[in-house]
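Peer 1: The following block contains the structure, expressed as structure tokens.
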Amino acid sequence: MNDFYVGYLSKAPTALARFVRKVTIVLGLFAVTAALVLVVGQMPFASSVFEYGKLRSFEGVVVTQPFPTLLVARPGEIGQQDKYSRYLLVAPGKHGADDLVATFDGKQVRLQGQLIYREGGTMVEITPGSVAVIDNAPAVQATTRDLGTVTLTGEIVDSKCYLGVMNPGQGKVHRDCAARCLSGGIPPIFVTTDGHEQFLLVGLDGRALGRDALREFIAEPIQIQGELLETGSTQLLKVDPSALRHMPDGLRAASKGSAFAQ
């Protein structure tokens, strides 16, 4: 006679209870294994930091073109080609710092802000009202090298989120946020598919692009061609937004990595 479970009895038949116990253990092990596989398969978070709530004081020379930047002198770098660390400047929220530093171009200032950084880039979110002139600025002679025309495969992101405010700050899941940041004046960055190279995007005249000029191509795998410039540790890529094109098979093409063509 087969075991039959009766609901109002305190215990199930021995054979049936043993079977249920085995099934429960197997399903539990399967669930744990599946969870571990999913965790291991996830893309690791980038080593990026936003020092939210931690105000620091910075001193340097403000440069407003092509993007608001603070040039902070490097102690002991006398005689070197580039004597400054370059910190991109942004305002709180999804806004660029153009309005906050427009009257301080070329001046030595002290300001407060929160540091945002990731390998390859550093940024300061300025505390509004904290910028003050402290001295006559030294003459800043930035040496710009023209490295020729390059062709790259990668993705356009907004620099604030990518450098540390959001993690991950790229990909389709971040597209809407990036579009709003770029529309607010956050400098756009082109990141190569392998993530090893970052380039600030500017127009053919070397100045900032229109805020919505790149909207159609944000967070899309694309191939881009432009003139590469290097100023200190900063790499700028001059591009023509009207010449950008979506790749026929973006995801597959992007997986092949980036390529430089001097």
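The values are calculated or read from the model by the stated rules, or taken from the named source; none is laboratory data. Keep in mind that what you see is a predicted model, and the values were worked out from it rather than measured. Every residue, glycine among them, receives a Cβ derived from its backbone with ideal geometry; neighbour counts consider all protein chains shown.
Peer 1: For region 93-146, what are the residues that are closer than 13 Å to VAL63 by Cβ, among the polar types (S, T, N, Q) and not in a strand (DSSP E or B)?
Peer 2: Matches in region 93-146: GLN141 only.
Peer 1: Right, next: Test GLY195 against the criterion of being touching a strand residue (DSSP E or B) at 6+ places or on another chain (Cβ under 7 Å), closer than 20 Å to THR122 by Cα and surrounded by fewer than 22 Cβ atoms within 10 Å (Cβ to Cβ), and give yes or no.
Peer 2: Answer is no for this residue.
Peer 1: Any residue at all in region 108-119 that's out of contact with any Leu (no Cβ under 8 Å at 6 or more places or on another chain), surrounded by fewer than 22 Cβ atoms within 10 Å (Cβ to Cβ), under 26 Å from ILE224 (Cα atoms) and without any contact (Cβ under 8 Å) to a residue 60 or more places away in the chain?
Peer 2: no
Peer 1: Which condition from (1) farther than 20 Å from LEU244 by Cβ; (2) at pLDDT below 90; (3) surrounded by fewer than 14 Cβ atoms within 10 Å (Cβ to Cβ) is the one that GLY129 breaks?
Peer 2: All conditions are met except number (2).
Peer 1: To continue, here is another question. Does region 151-173 contain any residue that is closer than 24 Å to ARG211 by Cβ, β-branched (Val, Ile, Thr), touching a strand residue (DSSP E or B) at 6+ places or on another chain (Cβ under 6 Å) and in a helix (DSSP H, G or I)?
Peer 2: Yes, that holds for at least one residue.
Peer 1: Checking PRO168 against (1) closer than 20 Å to GLY93 by Cβ; (2) surrounded by fewer than 19 Cβ atoms within 10 Å (Cβ to Cβ); (3) assigned by TED's automatic domain parsing to the domain that holds PHE58: exactly one of these is not met. Which one?
Peer 2: (3)
Peer 1: Using beta carbons and a limit of 6 Å, which pairs, at least six apart or on different chains, have the first residue in region 52-65 and modelled with pLDDT of 90 or more and the second one assigned to a strand (DSSP E or B) and not aliphatic (A, V, I, L, M)?
Peer 2: LEU55/GLN112; SER57/GLN112; GLU59/ARG110; VAL61/GLN108; VAL63/THR69
Peer 1: Now a separate question. Filter region 174-204 for residues that are over 17 Å from PRO68 (Cα atoms) and outside any helix (DSSP H, G or I) and give the result.
Peer 2: Residues satisfying the conditions are PHE190, VAL191, THR192, THR193, ASP194, GLY195, HIS196, GLU197, GLN198, LEU204.
Peer 1: What about VAL62, is it buried (at least 22 other Cβ atoms within 10 Å of the Cβ) and β-branched (Val, Ile, Thr)?
Peer 2: Criteria met by VAL62.
Peer 1: Here is a follow-up. Looking only at region 227-245, count how many residues are under 20 Å from LEU182 (Cα atoms) and over 17 Å from the mean Cα position of the chain (by Cα).
Peer 2: Adding up the residues that qualify gives 8.
Peer 1: Considering each residue of region 235-256, count those that are in a strand (DSSP E or B) and modelled with pLDDT of 90 or more, and give that number. Explain how you work it out, then say what you get.
Peer 2: Restricting attention to region 235-256, the residues satisfying the condition of being in a strand (DSSP E or B) are 235-238, 245-246.
Next, from what is left, pick out any that are modelled with pLDDT of 90 or more: 235-238.
Number satisfying all stated conditions: 4.
Peer 1: Restricting to region 116-134, give me the number of residues that are of a type in the set (Ser, Thr, Tyr) and more than 14 Å from ARG86 (Cβ to Cβ).
Peer 2: 2
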